[in-house]
Structures are given as C-alpha cells and as structure tokens.
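Quick notes on the structure that follows.
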Amino acid sequence: MATNKTHRVTMSDVALHAGVSRTTVSFVLNDKPGAAIPEETRRRILAAIDELGYRPNAGARALAANRSGWFGLITEIVTGPFAGEVITGAQSRAWGDRRFLLIAASEGDPAQEAAALDQMLEHRVEGLLYATTWHRAVTLPEAAREVPTVLVNCYDEEGELPCILPDEVSGGYKATRRLLDAGHTRIGFINLDPAIPAAIGRREGYERALREAGITPDPSLVVPGWATADSAYTAACELLDRPAGDRPTALFCGNDRMAMGAYDAIKERGLRIPHDVAVVGFDNQELIAAYLRPKLTTLALPFEAMGTKGIDMLAALAAGQPLDTHQVTIDCPLLERSSV
C-alpha cells in the first residue's frame with residue numbers, strides 16, 4: 001500500500017492494510033488481556049505496522065492501557081567496567097519482550113537518584129531496576145515502592161524488595177577448588193574489605209573448599225587487600241616473604257585489580273606464574289584479566305545475566321504474577337586462562 005510521505009500513518013491505515021477493524025489493531029497494540037485475537041491476525045497486524053511505519057502515540061497508549069511499555073534502570077555509573085553488562089542483559093531481554101529501558105546514572109548522588117526516579121515515574125515506567133557497582137545493602141527513596149522494583153547486585157536492609165545477587169560463596173569455592181585441583185595445598189587469600197558481603201561470601205567458599213579437601217583453613221593466609229592493586233601488592237609481599245615452608249604456592253585474589261598487584265610482587269621476587277605461584281582473580285575485568293601476562297584465570301561477575309533476570313522478574317511483577325523466590329543468586333563462571 002503506497003502512502004503519502006507527508007501523511008502521518010494512523011491506526012485506521014493499519015486496520016485497512018491488515019483487513020481488520022481499528023478496535024482489533026488497538027487490542028493488539030495494547031496487548032489487551034482477554035482479547036481473543038488469532039495468532040495469524042496478530043502477525044498480519046504487526047506486519048502492517050512495520051510496512052507502513054506506524055508509530056503509536058505513546059502517551060495516549062499508556063493512558064488507555066495503563067501501560068507504558070517502559071522499564072526504568074537506575075545505576076550508579078554507566079561508564080564503569082560492569083554497568084554496560086547490566087544494561088546489555090536488561091536491554092536485550094526487554095527488547096525481546098517489545099519493551100524499552102529508560103536509563104539514568106545517579107553518580108552516587110542521592111539527590112540525583114531521587115530526581116531520576118521522579119522522572120521515570122512521571123513517564124509511567126511499569127517497573128524499576130536498581131543496580132549497584134558493588135554488592136552491598138542499599139536504602140531506596142520511598143517512591144521506588146510505587147512500582148515493582150528489583151535490586152541488582154544489592155539488597156535492601158529491610159528485605160522487602162526482590163533482589164538478584166552474584167553467588168559469592170560458590171565463586172570463592174570454585175576459585176579455591178581450581179587451585180586445589182592444580183595440586184596446591186597452601187593457598188593464600190588476598191581478600192576485599194573483610195566487612196563487605198562479597199568478602200564474607202568468598203571467604204566462606206574458600207574455607208569450604210579447603211575443608212572438603214581435608215585442609216584446616218589457616219587464618220594467617222588470609223590478608224585484606226582492600227580492593228586495590230597497591231594494597232594487594234603489599235599483602236602479596238607479606239605472604240611471599242615468609243619462609244619457604246610457610247609461603248603459599250598459590251594466591252586467590254578477591255578482584256582482578258588485586259591480582260595485578262600480586263603479579264608485581266611475584267615477579268619482583270623472580271618467581272614465575274604459574275610455575276612457582278599460581279593466581280586466580282575475581283570479577284573478569286577484561287582490560288586487566290585478558291592482558292596480564294600470563295593471562296589471568298578468574299571468576300566472572302554475572303552482570304549481564306543479572307540484568308536479564310531483573311527484566312524477567314519485573315515483567316512477572318508488572319503482570320501481577322508472584323515470584324518463585326524473593327532472592328535470586330546467579331553463578332559466577334570460572335574463566336580459564338594461563339595463571340594456574
């Protein structure tokens with residue numbers, strides 16, 4: 001069907017092109033519950049929309065259906081190494097469900113976060129994802145409870161909101177198990193800030209793997225690296241300067257930046273990786289893990305999978321469906337490279 005370039009395509013045009021009523025087109029566009037539209041008719045209408053280039057009036061459509069087709073995503077920063085993965089996972093799943101994301105970075109500013117949330121609510125988002133760059137407890141503005149909200153890589157202190165978290169315990173277990181399987185029995189652990197959830201979970205997994213192997217965990221082999229390369233360098237020096245029988249032959253580092261610091265300490269002592277000291281990291285920060293020499297075996301934080309699962313949970317909540325579980329943990333895959 002040829003259309004005038006200056007003519008705005010209407011719902012009536014779509015109905016005429018598809019050979020159906022305008023009401024039927026409206027039901028398909030708004031995914032009206034209870035409307036028994038045959039699948040062949042639905043496909044014909046969607047094809048007509050694509051062919052004619054019809055663009056629904058989003059505001060009127062949202063008011064009519066009490067649905068906007070939008071979810072909101074608030075994250076601390078969109079330029080960090082992991083935020084893009086959350087966005088990729090969430091956007092891909094939303095797009096597959098014919099939904100869209102409104103994305104805002106709060107830059108860690110509570111006022112900016114509240115303003116972003118207000119704007120999203122004004123645009124009638126059907127649900128909200130709130131994602132943090134590191135695993136911790138958060139407090140959200142009360143307005144976040146006006147729509148279904150799912151937390152990604154964080155949890156609320158009250159435990160009221162559904163959340164998706166990386167399986168820190170399993171990650172710590174797998175990292176240590178990999179070193180045990182390589183024949184190491186004296187494994188140092190350069191941990192994060194000992195008080196944060198990731199550090200607590202990863203240490204639990206580390207100790208569980210050791211006990212399963214018949215090894216009593218040695219607290220003196222666990223040293224905080226405070227998440228930085230410089231602090232981890234100091235921690236690695238402390239571990240590697242012990243007498244030969246007391247020195248670890250492998251290091252599990254709580255993140256890849258700390259593994260980078262450990263590499264420096266190992267090489268300064270004339271030791272080889274992995275021949276003299278094996279190393280496993282955590283996070284899979286690509287610009288570090290893949291470009292260290294040798295390349296770093298590490299655990300990947302599942303940000304993309306968490307973003308995907310967040311959209312699944314939001315879609316269920318927006319449809320009024322109960323969730324199977326209030327808290328979901330996502331496995332952290334082990335990426336084999338050359339450091340073990």
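The values are calculated or read from the model by the stated rules, or taken from the named source; none is laboratory data. This one's a predicted model, so the numbers in the text were calculated from it and none came from an experiment. Positions of Cβ are generated from backbone atoms using ideal geometry, with glycine treated the same way; all protein chains shown enter the neighbour counts. Remember, those area values only see protein heavy atoms, side chains included, never the ligands or the DNA or RNA. Shrake-Rupley method; radii C 1.70, N 1.55, O 1.52, S 1.80 Å.
Per-structure values
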| item | result |
| --- | --- |
| Subset of region 142-165 (residues that are buried (at least 21 other Cβ atoms within 10 Å of the Cβ) and not in a strand (DSSP E or B)) | 144, 148, 162 |
| Number of positions in region 213-230 that are more than 21 Å from residue 246 (Cα to Cα) and not aliphatic (A, V, I, L, M) | 3 |
| Any hit, region 109-117, residues being of a type in the set (A, V, I, L, M, F, W, C), in contact with a Gly (Cβ under 8 Å, 6 or more places away or on another chain), closer than 17 Å to residue 313 by Cβ and not in a loop (DSSP other than H, G, I, E, B) | no |
| Elements of type helices (runs of 4 or more DSSP H) contained in region 254-340, each with 3 or more residues being more than 30 Å from residue 128 (Cα to Cα) and touching a helix residue (DSSP H, G or I) at 6+ places or on another chain (Cβ under 6 Å) | 256-268 |
| Those residues of region 314-335 which are charged (D, E, K, R) and either touching a residue at least 40 places away in the same chain (Cβ under 8 Å) or surrounded by 14 or more Cβ atoms within 10 Å (Cβ to Cβ) (or both), in sequence order | 331 |
| Residue check, residue 55 closer than 17 Å to residue 98 by Cα, open to solvent by 40 Å² or more (accessible area, probe 1.4 Å), modelled with pLDDT of 65 or more and not acidic (Asp, Glu) | yes |
| Search result, residues across region 207-220 that are part of a helix (DSSP H, G or I) and either of a type in the set (Val, Ile, Thr) or touching a helix residue (DSSP H, G or I) at 6+ places or on another chain (Cβ under 7 Å) (or both) | 208, 209, 210 |
| Every pair of residues 6+ apart whose Cβ atoms lie under 6 Å, when the first sits in region 153-169 and is within 21 Å of residue 204 (Cβ to Cβ) while the second is open to solvent by 40 Å² or more (accessible area, probe 1.4 Å) and assigned to a loop (DSSP other than H, G, I, E, B) | 167/331 |
| Out of 35, 48, sole residue that is open to solvent by less than 30 Å² (accessible area, probe 1.4 Å) and either touching a strand residue (DSSP E or B) at 6+ places or on another chain (Cβ under 9 Å) or at pLDDT 90 or above (or both) | 48 |
| Checking residue 247 against (1) surrounded by 19 or more Cβ atoms within 10 Å (Cβ to Cβ); (2) in contact (Cβ under 8 Å) with a residue 60 or more places away in the chain; (3) of a type in the set (Lys, Arg), the condition it does not meet | (1) |
